[in-house]
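Read-outs: derived from the displayed coordinates by stated rules, not from any lab. All figures in this text were calculated on a predicted structure; none of them were measured in a lab. Please note: Cβ atoms are built from the backbone with ideal geometry, for glycine as well, and neighbour counts cover all protein chains shown.
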Amino acid sequence: MGRAKLTILPPGKPLSGRAMPPGSKSITNRALLLAGLAKGTSRLTGALKSDDTRYMAEALRAMGVEVDEPDATTFVVTGTGKLMPPSEPLFLGNAGTATRFLTAALALGEGRYVVDGDEHMRKRPIKPLVEALKSLGVAIDAPSGCPPVTIDANGAFTRNAVVIDAGLSSQYVSALQMAAACGSEPFLIELAGADIGARGYIDLTLAVMRAFGAKVTQPTPSSWRIEPTGYQAADFAIEPDASAATYLWAAEVLTGGAIDLGVPADAFTQPDAKAYEIISQFPHLPAEIDGSQMQDAVPTIAVLAAFNETPVRFTGIANLRVKECDRVRALSLGLNNIREGLATEEGDDLVVASDPSLAGQTLPAEINTFADHRIAMSFALAGLKIGGITILDPDCVAKTFPAYWDVLVSLGVAYTNIE
């Protein structure tokens, strides 16, 4: 059983030292899938080993892919170019990337596949992807509009073009792009409308696809043509996780410290690295922050905003309501639990009232993380400045950053009330 709670002791001094974020979850799960779809042996270095990537690796193993782990940051993946139907449903926990990417990839498999997850995953939408695959002649069913998804695949799409609504999640587009390279003819993906969850993640997907031999062109800003190349095994280095880096960047500015991440902010290619420019403006954050293109960084900046000189409004964050939990609500509840009136939900916007005088106070508050790693890690930042901040279910950070609490200790943070 995981720990039920953990209370952070404000360090009372700048946090300094070296703290490497783990490998990127987004890139690791893309690379694992493509290595699993390739013929031959791929070596993925700098990879993240966490709940989300473990679910992807286990799913690949269940479908006949050999996945070895020679050390803490390497996967060696040997595939045959096919994912065989597993003997039982694939259980993917609450890993959105694994669930959505596999759903599309398995549509080009042969046989019956069932993609499922935990109680949280069963509330996360997948209907737009299922509808898109149905339009391609795939026998696929998700009665609730969320997992479980049942796929009876016959190895081919009946059409070579699809229109997808990516307003809820860019992962739907990424999933179709990665699957399309395994088809038998060139394939065109078009967006329904220009709205897309986080376009930077599409660029990330295409970069990983190209590393494994895919050929993709972009006829228009909202369409992609993917050639039927399949994938070739490759050796691939994964960069550190920019979303994980945001907590360390925020801890640095919040405590006036100096934390060396081992990689400069401008070396990241992931969308959440854009958060560095905003975080570095603390305590003078912008009055309005559009979170649409760096969604996973919003919880970090929202907690940081509580200590800002002036209020901050977060816009473009409606998608946060369908993440691991309703993150807009979780942030609002957590901040107001620290002090009533600190946060307000206005439609899908979040307004953080901001009060620099919170720093140094003791305001006992138990933060319900809703089993969401990003809520746990973000509210830990409040505990660096406010006494009495208790994180419930702290071990949920294992989803993407299993060593998070230890990394904070290495920088000078201590805990009490660990149960």
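Points to keep in mind about this one:
- Taking label positions 7 Å along the Cα-Cβ direction at both Glu69 and Asn154, the computed distance is 3.9 nm, reported to one decimal.
- Along the range 212-222 the Karplus relation, 6.51 cos²θ - 1.76 cosθ + 1.60 evaluated at θ = phi - 60°, assigns HN-Hα couplings of 9, x, 6, 10, 10, 10, 10, x, 9, x, 10 Hz to successive residues, with x for each Gly and Pro.
- Per-residue extension of 0.36 nm, minus the Cα-Cα distance of Glu185 and Thr269, leaves a gain of 27.2 nm for this segment.
- Considering only the Cα atoms of the range 1-88, their convex hull presents on average a projected area of 8.4 nm².
- Using alpha-carbon coordinates, inclination of helix 96-106 to the longest axis of the chain, degrees: 0 degrees
- Helix 51-62 and the long axis of the chain differ in direction by around 20°, with both axes built from C-alpha atoms.
- Here, the chain has an Rg and a Dmax of 21.2, 63 Å when only alpha carbons are counted.
- Rounded if a/c under 1.5, otherwise prolate or oblate - the range 361-419, Cα gyration tensor axes: oblate
- The range 25-237: C-alpha gyration tensor shape, a/c 1.5 cut-off, then a/b vs b/c: rounded
- In this label model, Ile418 and Ala139 are separated by 5.3 nm, measuring between points 7 Å along each Cα→Cβ vector.
- Sorted peptide list for 24-32, 377-385, 267-275, criterion being average Cβ within 10 angstrom, highest first: 24-32, 377-385, 267-275
- Dipole in debye (nearest 20) - the chain, about Cα centre, beta carbon charges: Lys, Arg +1; Asp, Glu -1: 480 debye
- Net charge in the neighbourhood of Lys25 (other residues with Cβ under 10 Å of its Cβ; Lys, Arg +1, Asp, Glu -1) is -2.
- The range 349-419 and the range 240-292 have Cα centres separated by 17 Å.
- Gyration tensor verdict on the range 248-330 (Cα atoms; rounded if a/c is under 1.5, prolate if a/b is larger than b/c, oblate otherwise): oblate
- Relative to the longest principal axis of the Cα atoms of the chain, helix 171-180 runs at roughly 30 degrees.
- Listed by chain and number, the lysines whose C-alpha is less than 30 Å from the C-alpha of Lys274, apart from same-chain residues fewer than 8 away, are Lys13, Lys25, Lys49, Lys123, Lys127, Lys215, Lys323, Lys385, Lys399.
- Where labels lie 7 Å past Cα in the beta-carbon direction, separation of Asp355 and His284 in nm: 2.4 nm
- All aspartates and glutamates inside 18 Å of Lys39 as judged from Cα atoms, apart from same-chain residues fewer than 8 positions distant: Glu66, Asp68, Glu110, Glu227, Asp235
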